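Working notes, beginning with the structure itself.
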Amino acid sequence: MAGRRLRVGLVGLGNVAILHLEAYRVLSEIEIVAGADLREDRLKQVAAAYGFAPYLDFEEMFACERLDIACILTPARNHRVATESAARHHVHVLCEKPMAVKLEDAQAMVAACDACGVKFFYGASYRFLPTLIKARELIQAGEIGEVQLLVEEMIGGCGPERYQDLGPRHYDVGGPGGPGFGLVDHGVHLVDAFGWLMNSDVVSVFGRGAVSGGSPVTEYLIMNFENGALGNLIYNSSTHSSDMPSEGIFSWSPEWTEWDVVGEKRMKGGRWTDHPTSIRVHGTRGALRIYYYANQLFFLTEKGREQVRVPHHPMPEHFASQMQSFAESVLSGNAPVTTGYDGIKALRVILGAYESNDKQLAVSFVAKDSKSGSTTLGVKD
């Protein structure tokens, strides 16, 4: 297999697909040979821009192309049917987050790939961001002592009148969903990243998530980890930011909105960001401020503040690192570094916020699966 380029097909050609395609340009391990999307105009536009065979039906794409890997980039509610189809055609799967919206769908996806002998790579792409990789090294080396608290807050928008719910395009109305920067669509990244940074699993949660098609709410998720640390996520996209100008940062990563139009020249970073996203990690000996999209990391102790150097591979280059890792897994026969069980664990925690809100009780992870290491939910007495 040495030297062979893996043939890759994309299922779903929305905005996230453009980030993947741009990132994949630098990879020698793969070639993009096909893509599928139900929207004929969008399909023609993206296929022409990136030079691959267009298909309106992914089943036809799997049948006609000799694919090695399928990137499942559709809305989450469609992940199961696309994954099961790829597995039947003996195509390895890289699936975007969230893995699914229903737990039974996520479990069925893993079962389908296992039954057909294909690999499933869960798109925990934040594990491939340079700032998080370096932060994990520092945490594992004990540089900030024992981790006590991890926090991400994203508060802002233009008021409830301009609130944008992803709605039926992505998530079924009445079920878990909400805005692009809410628990389901974004927070699932942080659930995975927090545990990965510390090598510790969530043992209980308390929270509230937005309902697809519903009114805007403040979403929150409080996570208790096995190691005693507390993780806290809080999101609101329907109010106004209270950030001050001095709290911005010089960012080396493009904004997501810069990738909306196929074929247009896009900024590659290098400008001031007023409301940068970041993770705060507090330990017994120091703290970290991780500006994961701005590609900047700061280490804070009683001695002062230090900027930590990280490789200049900002978003969306982490998608290239992710695909490179999966390609190496396929070529070598080794297990993927992130699997369907990682996706299931993250989904369980997110759904725990909804169960918690329904019952107004903390939800505990009370049983462990010896094969997967994943846990099941039960209301904590």
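What follows draws every value from the coordinates through simple rules; no lab data is involved. For clarity, every value in this text was computed on a predicted model and none was experimentally measured. Neighbour counts run over all protein chains shown; Cβ positions are idealised from the backbone, glycine included.
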Inset, instruction - Please list, in chain and number order, the residues 5+ apart from Val308 or on another chain whose amide H is under 5 Å from its amide H, with Hs placed from the backbone. - result: Leu297, Phe298, Phe299
Inset, instruction - Rank-order 199-206, 11-18, 216-223 by packing density, defined as the average count of other C-beta atoms within 10 Å over each peptide's residues, highest first. - result: 11-18, 216-223, 199-206
Inset, instruction - Determine, for Lys345, Lys134, the number of other Cβ atoms within 10 Å of each Cβ, and report the residues in order from fewest to most. - result: Lys134, Lys345
Inset, instruction - Can you tell me the relative contact order of the range 127-314? Whole percent, Cα pairs under 8 Å, sequence separation 6 or more. - result: 27
Legend entry - Span-like helix ranges in the chain, DSSP H, alpha carbon extent 18 angstrom or more, Kyte mean at least 0.0: 103-116
Legend entry - In the range 88-146, the GluC sites (Glu not before Pro) that fall in loop regions by DSSP, at most 14 other Cβ within 10 Å: Glu146
Inset, instruction - In whole angstrom, note down how far apart the Cα centers of the range 74-112 and the range 142-198 are. - result: 21
Inset, instruction - Would you mind getting me the FRET efficiency between Ala49 and Arg88? Use the beta-carbon distance for r and R0 = 22 Å, nearest 0.05. - result: 0.15
Legend entry - Range of Cα positions in the chain per principal axis (Å), largest first: 59, 48, 48
Inset, instruction - Take every DSSP beta bridge with both residues inside the chain and express the antiparallel ones as a percent of the total, to the nearest 5. - result: 60
Inset, instruction - Sort the range 127-314 into rounded, prolate or oblate with this rule: let a ≥ b ≥ c be the square roots of the eigenvalues of the Cα gyration tensor; rounded if a/c is under 1.5, and if a/c is not under 1.5, prolate when a/b is larger than b/c, oblate otherwise. - result: oblate
Legend entry - Cα gyration tensor shape of the range 1-135, rounded if a/c is under 1.5, else prolate or oblate by comparing a/b with b/c: rounded
Inset, instruction - Quick one: which residues, 5+ away or cross-chain, put their amide H under 5 Å from the amide H of Phe121? H built at 1.01 Å from N. - result: Val93, Leu94, Cys95
Inset, instruction - Could you tally the net charge around Gly213, taking each other residue with its Cβ under 9 Å from the Cβ of Gly213, Lys/Arg +1 and Asp/Glu -1? - result: -2
